[in-house]
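Trainee: The following block contains the structure, expressed as structure tokens.
The values are calculated or read from the model by the stated rules, or taken from the named source; none is laboratory data. Keep in mind that this is a model prediction, so the values were computed, not measured. Backbone-built Cβ (ideal geometry, glycine too); neighbour counts: all protein chains shown.
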Amino acid sequence: MSAMPEELPVPFEIVTETEVDSRGRVSLGRAGAEPGKRYRVARNIDGVLLLTPVVSIPEREMIVWENPGLAARIRTGIAETQAGHTVDLGDFTDYATDTDEK
């Protein structure tokens, strides 16, 4: 890796150079980007792009992130299950109908 040039803000350093293809894509493998990772892309007035690794979650799961009490109850349930504190409620196939998903 090269030393950080003075014209780049800290903590950036030049790691590679790439070219945009005809579909607007760039290859970032040599820059350390990992396949399957997601990045938020920010652009400043000078056209500098900043990629920030992110983790995306489904919208339906946001309720857990927005409700600390619910998250705590879920963590408690997981811990109780891992400790073997479960109750066998039997087989529920008698309650299934033809319209239930399989």
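Trainee: Residue by residue through the range 70-102, note down the ones that are among the acidic types (D, E), within 27 Å of R60 (Cα to Cα) and part of a helix (DSSP H, G or I).
Mentor: Scanning the range 70-102 gives a single hit, E80.
Trainee: Here is a follow-up. When I14 is evaluated against the numbered criteria (1) of a type outside the set (S, T, N, Q); (2) in a loop (DSSP other than H, G, I, E, B); (3) over 30 Å from I74 (Cα atoms); (4) at pLDDT 85 or above, which criterion, by number, is the only one it fails?
Mentor: (4)
Trainee: I want to confirm something. Restricting to the range 15-48 and keeping residues that are surrounded by fewer than 11 Cβ atoms within 10 Å (Cβ to Cβ) and among the aliphatic types (A, V, I, L, M), which single residue is farthest from the chain's Cα centre (by Cα)?
Mentor: I45
Trainee: Looking only at the range 70-92, count every residue that is aromatic (F, W, Y) and within 23 Å of the chain's Cα centre (by Cα) and tell me the total.
Mentor: Summing the residues that are aromatic (F, W, Y) and within 23 Å of the chain's Cα centre (by Cα) in the range 70-92 gives 0.
Trainee: So for the range 59-66 (the condition being in contact with a Leu (Cβ under 6 Å, 6 or more places away or on another chain) and among the hydrophobic types (A, V, I, L, M, F, W, C)), does at least one residue qualify? Give the steps one after another, and end with the answer.
Mentor: In the first step, residues of the range 59-66 are kept if they are in contact with a Leu (Cβ under 6 Å, 6 or more places away or on another chain); the result is 64.
Subset that is among the hydrophobic types (A, V, I, L, M, F, W, C): 64.
Yes - at least one qualifying residue is present in the range 59-66.
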